[in-house]
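S.K.: I am attaching a structure below and will ask some questions about it afterwards.
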Amino acid sequence: QQQVKQSPQSLIVQKGGISIINCAYENTAFDYFPWYQQFPGKGPALLIAIRPDVSEKKEGRFTISFNKSAKQFSLHIMDSQPGDSATYFCAASWQGGSEKLVFGKGTKLTVNP
Amino acid sequence: DAGITQSPRHKVTETGTPVTLRCHQTENHRYMYWYRQDPGHGLRLIHYSYGVKDTDKGEVSDGYSVSRSKTEDFLLTLESATSSQTSVYFCAIGGLAGNEQFFGPGTRLTVL
């Protein structure tokens, strides 16, 4: 119940295209859903996050879509750029869980020029 | 890296030797976390701390111990390193009401 399942494992997109990464969860107590971006040799960095009281959050080219009834959330990267090539992790946590994050296994995104 | 340093950044050691990794923060955050990252497994929580001398186990705590004697330092110890503990280790700080976690630069540990 603590798992967050992420797909796909890898994704190749052409420059200017839309990248879509999906995550699903089981624990209905989760109330915070962040996405992290990680470049090779670096630590993960928070990209964007959402709480279940909204269905969508947009920051620049990055959008989180959240479907509470389906227990799914996704990251959309519009106008994907080669500089977006990185590994992306979804995660979830809940109040009362000592703020612990449960991570998906990651998606390696490659944006070809 | 949000005022988080990890040391050492790289370490090669032999099976059976003790290893201690250090995480130092300058942000005065209450919560600190140790994760390991392995291909195909993502980030897995080893141990975490919710205050000085207050620690608890995470998902993959076997073979690891932690200590936190000061707010700014969180130590991860492998009492007797094994090859299965070859990994990249990340420290993170944060949580609180915002739930955000900020990660350090990582330590690459190789156990031969």
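Values in this text are rule-based calculations from the coordinates and carry no lab data. The structure displayed is predicted, hence computed values, not measured ones. Note that we place each Cβ from the backbone using ideal geometry, even for glycine, and neighbour counts take in every protein chain shown.
S.K.: Quick one: 3J(HN,Hα) in Hz for segment A:9-20, Karplus 6.51/-1.76/1.60 with θ = phi - 60°, rounded, Gly and Pro as x.
M.R.: With the stated coefficients, segment A:9-20 comes to 6, 9, 8, 10, 10, 7, 3, x, x, 9, 9, 10 Hz.
S.K.: Shifting gears a bit: Bins of 5 Å, beginning at zero and ending with the bin holding the largest distance: percent of Cα pairs per bin for chain A, please.
M.R.: Answer for chain A: a P(r) of 2, 13, 24, 25, 19, 10, 5, 1, 0 percent.
S.K.: Please give the average number of partner chain Cβ atoms lying within 10 Å of the Cβ of each residue in B:30-38, rounded to a whole number. Mind showing how you got there, number by number?
M.R.: On the way: counts 1, 3, 0, 4, 0, 4, 0, 7, 1.
That average works out to 2.
S.K.: Starting from 0 in steps of 5 Å, tell me what percent of the Cα-Cα pairs of chain B lands in each bin.
M.R.: Answer for chain B: a P(r) of 2, 13, 25, 27, 19, 10, 3, 1, 0 percent.
S.K.: Now, a different point. Can you give the extra length, in nm with one decimal, that the chain gains between B:Thr13 and B:Lys70 once fully stretched, where that is 0.36 nm per residue apart less the Cα-Cα distance? Numbers along the way, then the final one.
M.R.: Working: separation 57, 0.36 × 57 = 20.52 nm, distance 2.70 nm.
Net length gain for the segment: 17.8 nm.
S.K.: Let me ask you something else. Please identify, among A:Gln81, A:Gln72, A:Gln95, the residue showing maximal mean-square fluctuation in a Gaussian network model of chain A using a 10 angstrom Cα cutoff.
M.R.: In the Gaussian network model the winner is A:Gln95.
S.K.: While we're looking at this one, here's another question. Taking the protein assembly as shown as the region of interest, what is the percent of Cα-Cα pairs per 5 angstrom bin, listed from the shortest bin to the one with the maximum distance?
M.R.: 1, 7, 15, 18, 19, 16, 12, 7, 4, 1, 0
S.K.: Also: Within the protein assembly as shown, how many Lys pairs that are eight or more residues apart, or on different chains, come under 13 Å at the alpha-carbon?
M.R.: On the way: A:Lys5/A:Lys71; A:Lys5/A:Lys105; A:Lys100/B:Lys57; B:Lys53/B:Lys70.
Lysine pairs meeting the criterion: 4.
S.K.: Oh, and also: Could you please rank B:Val88, A:Val102, placing first whichever residue has the fewest other Cβ atoms within 10 Å of its Cβ? Could the numbers behind the result be given before it?
M.R.: On the way: B:Val88 17, A:Val102 22.
Listed from fewest to most nearby Cβ atoms, that is B:Val88, A:Val102.
S.K.: GNM, chain A, Cα, under 10 Å: largest mean-square fluctuation among A:Ser80, A:Ser69, A:Ser19?
M.R.: A:Ser69
S.K.: Given chain A, what percent of its DSSP beta bridges are antiparallel, to the nearest 5?
M.R.: Working: 35 of 40 bridges.
The antiparallel fraction comes to roughly 90 percent.
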